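The values are calculated or read from the model by the stated rules, or taken from the named source; none is laboratory data. Since this is a predicted model, take the numbers as computed values, not measurements. As a convention, Cβ positions derive from the backbone with ideal geometry for all residues, glycine included, and neighbour counts pool all protein chains shown.
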Amino acid sequence: MNANQLQIIRDWVQTFADGFRDAAGELPWVVAEKLVHMQRVATNMRELAQDLEWPAEQIHLAEALGWLHDTGRFIQYRDFGHFHDPTSANHGFLGADAIAAAPWFAELEETVRYTLETGVRFHNAKTIPPDVPADRLPQLKLIRDADKLDIFRVVAEGLEHDGFQDLISAWPGLAVNDTINPALLQEIQSHRQGDYAHVRSLADFLLLVISWIFALYYEPTRQRVYRDGMFATLARFLPQNPATRPILDEARHLLTHFDEAANVSPAAPSEQDIPC
Ligand SMILES: [Fe+2]
C-alpha cells in the first residue's frame, strides 16, 4: 500500500463515521470513543511496524488496518445499541463486510485486500483460525497486539486516575472488591487465557487483562507494555496473593526477556506462534 492509498483510507474513515452522526452533528459518546481508539491503534500499528523494521508499504498497510479494525462497532451500535458481540453480532465480521463494500477497496491489489479483510475480520477472534493463510498472519498478529496495547493503556490510565470508575459505572453488577472468581483463576492458571463470562469483579477484570500479555506476539509490543509503565500499574492494582503472584511473575518475565525468533515479518512469515 502506498502513502496515497493510506490517505484515502484515513479520509474514508472520517466520512464513514460522519454517516453515524445525529442531526446535531454528534456521535454517541461511546462511538466517538471508538473513533479515538481507532486512531490510537493506527498510531500503535505504524510505530510497531516501524520498530519491526517492516518495509514502507507494510507500515502504511499496518496503519490502515489500525484505522479500519473497529469499523464494525459503528454498525453494531446503530443496529443493536451496544457493543456486546454475543448478544448482537461479531463486530469483526461487520467491519470486514463494511470495508469490502467501500469504494477504495476494489482498487487495491489482491494481497492487500485479503490482508485488510482478514485483519479486520479476526482482530477480535479468541484465537486465530488455523486456516488463515500464512502471508496474512503478520498483519493480523500486529492488529491483535496493537488493539490490546491500547486497552492496556486505557485500563492503566483509568486505574491511575480514579481506580477505573468509568469501567465500574459502565458495567452493572461488577463487584468492586478483591475477590477473584476461582473459575477464571483456574482457566488462566491452566492455559493462560480466560473468558469474559467469568469476570465478576474489578480484580477479575484486571487478571483477565494481565493474561492478555501471554497472547502478545511481538517483542516491540511487550517492550512498550513494560517500558510505558502499563504493566506496573496493572500489577499494583491486582490483589497480591499466592495464586496471582506466579501469574504476575511469569507475565513480567515475558515482558522483559525477549526472543527475536518470536517476531514475524511480512517478508518471511514464521510458523512459530507464542501460545495464546
Ligand atoms: Fe474491535
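Applying a threshold of 7 Å to beta carbon distances and a minimum spacing of six or more residues, or different chains, the list of pairs starting in region 39-61 at a residue that is in contact (Cβ under 8 Å) with a residue 60 or more places away in the chain and ending at one that is hydroxyl-bearing (Ser, Thr, Tyr) reads Leu48/Tyr218; Leu48/Thr221; Leu52/Tyr218; Leu52/Ser265; Trp54/Ser265; Leu61/Thr115. Taking the residues in region 63-85 that are away from the ligand (no atom under 14 Å from the Cβ) and in a helix (DSSP H, G or I) as candidates, determine which candidate is surrounded by the fewest Cβ atoms within 10 Å (Cβ to Cβ). Checked region 63-85; the qualifying residue surrounded by the fewest Cβ atoms within 10 Å (Cβ to Cβ) is Asp79. Given the criteria outside the structural domain of Tyr196 (by TED's automatic domain parsing), of a type outside the set (Phe, Trp, Tyr) and either within 13 Å of the ligand (Cβ to nearest atom) or in a loop (DSSP other than H, G, I, E, B) (or both), does Val36 qualify? When the stated conditions are applied, Val36 does not pass them.
Restricting attention to region 224-242, the residues being assigned to a loop (DSSP other than H, G, I, E, B) and either over 21 Å from Asn181 (Cα atoms) or under 18 Å from the mean Cα position of the chain (by Cα) (or both) number 2.
Summed over region 115-131, the residues that are crowded, with 21+ Cβ neighbours inside 10 Å and away from the ligand (no atom under 15 Å from the Cβ) give a count of 1.
Selection of first residues in region 206-234 that are at positive phi and in contact (Cβ under 8 Å) with a residue 12 or more places away in the chain and of second residues that are part of a helix (DSSP H, G or I) and surrounded by 20 or more Cβ atoms within 10 Å (Cβ to Cβ), restricted to Cβ pairs under 8 Å at least 6 apart or on distinct chains, gives the following pairs, ordered by first then second residue: Gly229/Ala156. When Arg144 is tested against (1) more than 16 Å from the ligand (Cβ to nearest atom); (2) touching a residue at least 12 places away in the same chain (Cβ under 8 Å); (3) within 30 Å of Tyr218 (Cα to Cα), just one condition goes unmet, and that condition is (1). Look at (1) exposed (fewer than 13 other Cβ atoms within 10 Å of the Cβ); (2) at pLDDT 90 or above; (3) not in a helix (DSSP H, G or I) and you find that Ala106 fails only one, number (3). Every listed requirement among (1) under 20 Å from Asp150 (Cβ atoms); (2) free of Cβ contacts under 8 Å to residues at least 24 places away in the same chain is met by Pro86 save one, (1).
Only one entry in Asp166, Asp178, Asp131 is over 20 Å from Leu68 (Cα atoms), modelled with pLDDT of 95 or more, more than 12 Å from the chain's Cα centre (by Cα) and among the acidic types (Asp, Glu), namely Asp131.
Residue pairs whose Cβ atoms lie under 7 Å apart, sitting 6 or more positions apart in sequence or on different chains, and linking a residue in region 238-250 that is free of Cβ contacts under 8 Å to residues at least 60 places away in the same chain to a partner that is in a helix (DSSP H, G or I) and of a type in the set (S, T, N, Q), are Leu238/Thr244.
Looking at region 104-114, is at least one residue more than 26 Å from Trp54 (Cβ to Cβ), over 19 Å from the mean Cα position of the chain (by Cα) and away from the ligand (no atom under 16 Å from the Cβ)? Scanning region 104-114, I find no residue that is more than 26 Å from Trp54 (Cβ to Cβ), over 19 Å from the mean Cα position of the chain (by Cα) and away from the ligand (no atom under 16 Å from the Cβ), so the answer is no. For Ile59, the conditions (1) within 16 Å of the ligand (Cβ to nearest atom); (2) surrounded by 18 or more Cβ atoms within 10 Å (Cβ to Cβ); (3) of a type in the set (A, V, I, L, M) are fulfilled apart from (1).
Would you mind finding the one in Ala134, Ala100, Ala89 that is within 15 Å of the ligand (Cβ to nearest atom) and in contact with an Asp or Glu (Cβ under 8 Å, 6 or more places away or on another chain)?
Details: Ala134 fails: within 15 Å of the ligand (Cβ to nearest atom); Ala100 fails: within 15 Å of the ligand (Cβ to nearest atom).
Ala89 is the lone residue from the list that is within 15 Å of the ligand (Cβ to nearest atom) and in contact with an Asp or Glu (Cβ under 8 Å, 6 or more places away or on another chain).
From the list Gly66, Gly92, Gly81, which one is over 21 Å from Pro138 (Cα atoms) and either among the aromatic types (Phe, Trp, Tyr) or not assigned by TED's automatic domain parsing to the domain that holds Phe152 (or both)? None of the others qualify; the one that does is Gly81. Here Asp51 fulfils each of the conditions (1) within 23 Å of Ala101 (Cα to Cα); (2) modelled with pLDDT of 95 or more apart from (1). Among the helices (runs of 4 or more DSSP H) confined to region 124-209, the ones with at least 2 residues that are basic (Lys, Arg) and within 22 Å of Arg224 (Cβ to Cβ) are located at 137-162.
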